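Q: Pasting a structure below so you can have a look.
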Amino acid sequence: MKPVKRPFHHALAVSEATCRGCTRCMKNCPTEAIRIIRGTAHVHPELCIDCGQCLTACPYGAISVEQDDFSHIFSFSHRVAIFPAVFIGQFPEEIPESWIFQSLLDIGFTHSFESEFGADILKAISPKISTYAPRKPIISSYCPAIVRLIQLKFPSLVEHINLMRPPMEITALYVREMFSEQGIDPQDVGIFFVTPCAAKIADIKTPRSDKEHLFDGVINLDYLFNLVYTNISRNKKELEQADPAYTPVSRESWLWSVHQGESSSVPGRTLAVDEIHNAIEFLEQFETNSIEGLDFLELRACSQGCAGGVLNPGNKFLTSERLIYRPEETTRSASQEAPKDIKHRTKRFERKLKIDYYEPHGTDALDDDIGEALKKMNEVDRLKQQLPGIDCGLCGSPSCSALARDIVQEKASFSYCGVLQLRKNKSLMKDIWGNKFRTEN
Amino acid sequence: MELTAGDFSHAGQASSQIKQMLKQLNIAPQVIKRVVIALYEAEVNVIAHSYGGKVTCRINPEGIEIHVSDQGPGIEDLDLAMTDGFSTASEEIREMGFGAGMGLSNMKNNVDSLDISTGKDSPTKIYMHVAFTSQGETDHETG
């Protein structure tokens, strides 16, 4: 039985007019999803995990993250913002959390929750069910770029991915349940996730039965930061008087999205790895020689976890530091227990907390047929011997090995190798490469 | 691929390379996993117990053949060595996290056929075969 591969939604886009084909994004892409075609970066939709490395690498601002129209929130009478705690970490400590919550109301939301509230809900229901996967060690499902990376590049490890929903989804389910118990028409409830990264947009917008209808839209964190900061700078006096109602999150859950935040709240022996290339190196090892004794792995695509999300305007280290040291306000303390009485927990709600499975989407195969793939693999090896091994990227592929694979898959031509073309000019090449310049391959 | 005695820092390199190849061949992840577990065990055995050796593999559309050979000193009592938990590994090797005594049985449990030729003071040669089509699918085709 072969599961049908459902296409992923992607949130990153390249502007053809701005892109210079400089190869930086292509070389930084951890899944080798980018090729430069006729001077413009093209992202292969089946290989992209929306980690945002390309956006960070681009010096010309040619890569952008898609954005929903903010005014869409006004299509609903109940407008809920669910935002990660790293949003708070963007603001200096002089700005109290109450100002931020009040500003969210001022700009148009009717309710707002921190996504980490979902971690408290889970703990309140049962401390034991925060992780569940067929195989140990369990890999966190918190970072959608990591989940996709495993699906695409490490399909044998999908059974390790935590099937419990991440906190932001649990919070959304809870909010829906809350309104439904109040007798409010679901059509009138709009839930918007405030995202620090492209991967969460891609995840939310991928048509999948288990995620559909959780969120009505996504607001990019930098956009919201500007709206809120503007409101704060213009209305300080009013904000000082404001006393917005909001649901507090325990300190432990609040730090969930920063490096070692989740792993430190999971029982047993845990390990946290941040930054996508580190995660890949770790997964390579894990896949070859499964690691004994570990119970839980927190893997994050961004350095410093979600504090390093590409849509955060602030410095990632400062953001983490602010979250950890932000003066504890009356509602948030280290000892605070998760709300014991989760009011809106019904059987229906509890049943939705876990998803069924993550499907593998392996992408490394050169051909569906093993015999054909073997032939192609031998051909790739032969071509690799002939290519210079410099990985300059001029051909439009990220490395000589990638070009060899592209040639075999008829996506590129051997003549694209600029170095081999240059080598025809022997005296120039001797000047550049000295004795390492080979006249023949 | 050459394996150097005592070179634990490179243990897993051969299995990792073969894993990369099998991924390109559209082999089912569960099958790749079995190959990698068996080969990793064989690799560590050569590094831990022998004077050095090498791994070669042959792949065809039906399956993968792996040959692991070393330069001795051989396994004195093969039946005993195949027993779970039996280990001749030194304290030093065990402290490094190897030598739990599951190596040979782990290999046997993950391959479709295993053939070991060895003896006291002679080289050890291991042949392993893993078929790419699972038993269930083969039955379906023939039945």
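Q: Report every pair of residues separated by at least 6 positions or lying on different chains whose Cβ atoms are under 7 Å apart, first residue within the range A:289-305 and within 14 Å of chain B (Cβ to nearest Cβ) and in a loop (DSSP other than H, G, I, E, B), second buried (at least 24 other Cβ atoms within 10 Å of the Cβ) and of a type in the set (Ser, Thr, Tyr).
A: Pairs that qualify, where the first residue is within 14 Å of chain B (Cβ to nearest Cβ) and in a loop (DSSP other than H, G, I, E, B) and the partner is buried (at least 24 other Cβ atoms within 10 Å of the Cβ) and of a type in the set (Ser, Thr, Tyr), are A:Asn289/B:Tyr40.
Q: Condition first: aromatic (Phe, Trp, Tyr), closer than 22 Å to A:Arg176 by Cα and part of a helix (DSSP H, G or I). Now tell me which residues in the range A:216-256 satisfy that. Let's see the steps before the verdict.
A: Applying the first criterion (aromatic (Phe, Trp, Tyr)) to the range A:216-256 yields A:223, A:225, A:229, A:246, A:254, A:256.
Then drop every residue that is not closer than 22 Å to A:Arg176 by Cα, which leaves A:246, A:254.
Residue satisfying the conditions is A:Trp254 alone.
Q: Here's something else I'd like to know. Looking at the range A:380-396, can you tell me whether even one residue there is within 9 Å of chain B (Cβ to nearest Cβ), within 23 Å of A:Ser156 (Cα to Cα) and within 33 Å of the chain's Cα centre (by Cα)? Can you show your working first?
A: If we filter the range A:380-396 for residues that are within 9 Å of chain B (Cβ to nearest Cβ), which is where we start, we get A:380.
Now drop any that are not within 23 Å of A:Ser156 (Cα to Cα), which leaves none.
Within the range A:380-396, not a single residue is within 9 Å of chain B (Cβ to nearest Cβ), within 23 Å of A:Ser156 (Cα to Cα) and within 33 Å of the chain's Cα centre (by Cα).
Q: Where in the range B:6-102 are there helices (runs of 4 or more DSSP H), lying wholly inside it, with at least 3 residues that are within 14 Å of another protein chain (Cβ to nearest Cβ), aromatic (Phe, Trp, Tyr) and surrounded by fewer than 14 Cβ atoms within 10 Å (Cβ to Cβ)?
A: Details: elements: B:13-24, B:29-49, B:78-81, B:91-95.
The helices (runs of 4 or more DSSP H) meeting that bar number zero.
Here's the yes/no breakdown for (1) assigned to a helix (DSSP H, G or I); (2) in contact with a His (Cβ under 9 Å, 6 or more places away or on another chain); (3) of a type in the set (D, E, K, R):
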position: A:Ala81; (1), (2), (3): no, yes, no
position: A:Val86; (1), (2), (3): yes, no, no
position: A:Glu93; (1), (2), (3): no, no, yes
position: A:Leu105; (1), (2), (3): yes, yes, no
position: A:Ser112; (1), (2), (3): no, no, no
position: A:Lys123; (1), (2), (3): yes, no, yes
position: A:Tyr142; (1), (2), (3): no, no, no
position: A:Ala145; (1), (2), (3): yes, no, no
position: A:Gln151; (1), (2), (3): yes, yes, no
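Q: Evaluate the range A:260-280: report whether one residue or more is in contact with a Leu (Cβ under 8 Å, 6 or more places away or on another chain), part of a helix (DSSP H, G or I), within 14 Å of chain B (Cβ to nearest Cβ) and not small (Gly, Ala, Ser).
A: Yes - at least one qualifying residue is present in the range A:260-280.
Q: Against the definition (in contact with a strand residue (DSSP E or B) (Cβ under 6 Å, 6 or more places away or on another chain), surrounded by fewer than 24 Cβ atoms within 10 Å (Cβ to Cβ) and in contact (Cβ under 8 Å) with a residue 40 or more places away in the chain), how does A:Met164 come out, yes or no? Show your work before the answer.
A: Working: in contact with a strand residue (DSSP E or B) (Cβ under 6 Å, 6 or more places away or on another chain): yes; surrounded by fewer than 24 Cβ atoms within 10 Å (Cβ to Cβ): yes; in contact (Cβ under 8 Å) with a residue 40 or more places away in the chain: yes.
Yes; evaluated as a whole, the condition is true for this residue.
Q: Let me ask you something else. Which numbered condition trips up A:Ile107, out of (1) at pLDDT 95 or above; (2) aliphatic (A, V, I, L, M); (3) buried (at least 18 other Cβ atoms within 10 Å of the Cβ)?
A: (3)
Here's the yes/no breakdown for (1) under 19 Å from A:Leu224 (Cα atoms); (2) within 19 Å of the chain's Cα centre (by Cα); (3) crowded, with 16+ Cβ neighbours inside 10 Å:
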position	(1), (2), (3)
A:Glu16	no, no, no
A:Arg38	no, no, no
A:Gly89	yes, yes, yes
A:Ile95	yes, no, yes
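Q: A further question on this structure: How many of the residues in the range B:65-106 are at pLDDT 85 or above and within 21 Å of B:Tyr51 (Cβ to Cβ)? Full working, then the answer.
A: Step one: of the range B:65-106, the residues at pLDDT 85 or above are B:65-71, B:73.
When the remaining residues are screened for being within 21 Å of B:Tyr51 (Cβ to Cβ), the result is B:66-71, B:73.
Summing the residues that are at pLDDT 85 or above and within 21 Å of B:Tyr51 (Cβ to Cβ) in the range B:65-106 gives 7.
Q: Is it true that B:Gly72 is under 17 Å from the mean Cα position of the chain (by Cα) and more than 26 Å from A:Glu281 (Cβ to Cβ)?
A: Numbers: under 17 Å from the mean Cα position of the chain (by Cα): yes; more than 26 Å from A:Glu281 (Cβ to Cβ): yes.
Yes; evaluated as a whole, the condition is true for this residue.
Q: For the range A:398-406, does any single residue satisfy the condition of being within 13 Å of another protein chain (Cβ to nearest Cβ) and either among the charged types (D, E, K, R) or not in a helix (DSSP H, G or I) (or both)? Don't jump to the end; show me each part of the working.
A: Here is the first cut: in the range A:398-406, the ones within 13 Å of another protein chain (Cβ to nearest Cβ) are A:401-402, A:404-405.
So of that shortlist, the ones also either among the charged types (D, E, K, R) or not in a helix (DSSP H, G or I) (or both) come out as A:405.
Yes.
Q: Among what's in the range A:366-379 and is surrounded by 15 or more Cβ atoms within 10 Å (Cβ to Cβ) and outside any helix (DSSP H, G or I), pick the residue that is farthest from the other protein chains (Cβ to nearest Cβ).
A: This residue is A:Asp367.
The values are calculated or read from the model by the stated rules, or taken from the named source; none is laboratory data. Every value quoted in this text rests on a predicted model; they were computed, and no experiment measured them. For neighbour counting, all protein chains shown are included, and Cβ atoms are generated from backbone atoms with ideal geometry for every residue, glycine included.
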